[in-house]
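Every number in this text was worked out from the coordinates using simple rules, so none of it is lab data. Everything numeric here is computed off the predicted structure, so don't read it as measured data. Don't worry about glycine lacking a Cβ; one is built from the backbone with ideal geometry, like all the others, and counts go over all protein chains shown.
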Amino acid sequence: MRDATRVIRAGVPEPSQGAPFLPGPTFASTYHLAGDPAGAAYQYGRYHNPTWTQYERALEELEGGPTVAFASGIAAVAAVMGSVLHAGDVLVMPSDGYYAARTLAADYFAGLGVQVRTAPTAGNAQAQCLDGAKLLWLESPSNPGLDVCDIGALAREAHARHALVAVDNTTPTVLGQRPLALGADFSVASDTKALSGHSDLLLGHVAARDPEWAQRLQAWRTRMGSIPGPMEVWLAHRALATLDVRLERICANALGIAGWLATRREVRGVRYPGLPNDPSHAIAARQMSRYGPIVSFELADREAAERFLNACKIVHQATSFGGLHTTAERRARWGGDKVPEGFIRLSVGCEHVEDLIADLDQALTAATA
């Protein structure tokens, strides 16, 4: 069965006369629970919810391993790190990965006695840091620089040293890249972004190769209370059905825009893994089937970048990525990422590509006039 069909059917109950295709969200903190609770499918709202069950089954079908939903992407990140790492353990991370994940490791887990080592994504540099590691954290493509590493090769190297491997797969989504099939132990994503794609919820998930680790992640969620709301989960499950359609448009738009930007004299450093001449393309083409929504590039300086963003009419200024609407931001405004002041992270949406290029064209002209 192809992806376009799988995402529509994933996690949906078998047809039943008079029943909806996708049952509505279950709002419940308390369930009827007489006598021995062991035989009850649902006991208390912090433990489980029928809406979570449907969504997690859908993602399990797509990811290839049991899946646990969380309240946000960073809650999913924290669950993996918190379930795996203890004082004295070594965590290896990308120095150019998602800033919030790096901060969580450096400011929280390091304070608990975890040793954090970092190396760039490009060139599989993290392989040099694996001696004695307990967990290797990968992000490919990296955010926001869009470098790519060889997940399969790094997973083999890590497993040879008895380390577990987690991959932040937020940018490509499970339809663009399947970390568990490439050898990872955990596939982690912020479903806030392209997977749900409508900029209206916060959610995350972790898929695990080993069911025992999925049970540990469930226990973490219960104990820490990092549970998702049923409405958010139901919305994400509904949105999942259009993921293939949305990504088809988004990725085609992103490739077209990246190629166009590369021809502009005002622009330098265009990155998109789908471009044949991108430094990451060779590896990306082997392990990715879709290249995601993010295109990055540089303008001359902070002032040029801000003039460009302020001149855009269709492209909105916003953080996050992967939504229906095309957005952009000067990433250096947040700090934490080693990018130039004129660095732009563009999240390409589902608008018509010619309208987007026309808007970017007039904004670039205004920025350099």
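What to note about this one:
- Relative contact order computed over segment 144-214 (Cα-Cα under 8 Å; 6+ residues apart), in percent: 26 percent
- When Trp52, Trp137, Trp213 are arranged by Cβ crowding within 10 Å, least crowded first, meaning fewest neighbours, the order is Trp213, Trp52, Trp137.
- Dipole magnitude for segment 243-368: about 320 debye, using +1 per Lys or Arg Cβ and -1 per Asp or Glu Cβ, origin at the Cα centre.
- Taking every C-alpha pair closer than 8 Å and separated by at least 6 residues, the mean separation divided by the residue count of segment 243-368 gives a relative contact order of 27 percent.
- Computed from Cα positions, the angle between helix 243-261 and the longest principal axis of the chain comes to roughly 20 degrees.
- Contact order relative to length of segment 3-240, as percent, for alpha carbon pairs under 8 angstrom and 6 or more apart: 24 percent
- Cα gyration tensor, the chain - rounded (a/c under 1.5), prolate or oblate: oblate
- For segment 1-107, the Kirkwood radius over C-alpha pairs fed into Stokes-Einstein at 10 °C and 1.306 mPa s yields D = 92 µm² per second.
- With Cα atoms, 0 to 90° folded angle of helix 151-160 axis to the chain main axis: 50 degrees
- Reducing segment 158-209 and segment 39-91 to their Cα centroids gives an inter-centroid distance of 12 Å.
- Ranked for footprinting exposure by Cβ neighbours inside 10 Å, fewest first, Ser320, Ser142 give Ser320, Ser142.
- Charge-dipole axis of the chain as Lys and Arg at +1 and Asp and Glu at -1 on Cβ define it, positive-most pick from Ala318, Thr242, Ala10: Ala10
- Computed from Cα positions, the angle between helix 73-84 and the longest principal axis of the chain comes to roughly 60 degrees.
- Across all Cα pairs in segment 241-318, the calculated P(r) in 5 Å bins from zero up to the longest distance comes to 3, 14, 21, 23, 18, 12, 7, 2, 0 percent per bin.
- Under-5 Å amide H pairs with Arg117, H placed in peptide plane, nonlocal only: Leu91, Val92, Met93
- ³J(HN,Hα) computed for each position of segment 96-110 - Karplus, 6.51 cos²θ - 1.76 cosθ + 1.60, integer Hz, glycine/proline x: 10, x, 4, 4, 5, 5, 5, 5, 4, 5, 6, 8, 10, 5, 4
- Taking a ≥ b ≥ c as the square roots of the eigenvalues of the Cα gyration tensor, segment 83-215 is classed as rounded, since a/c falls below 1.5.
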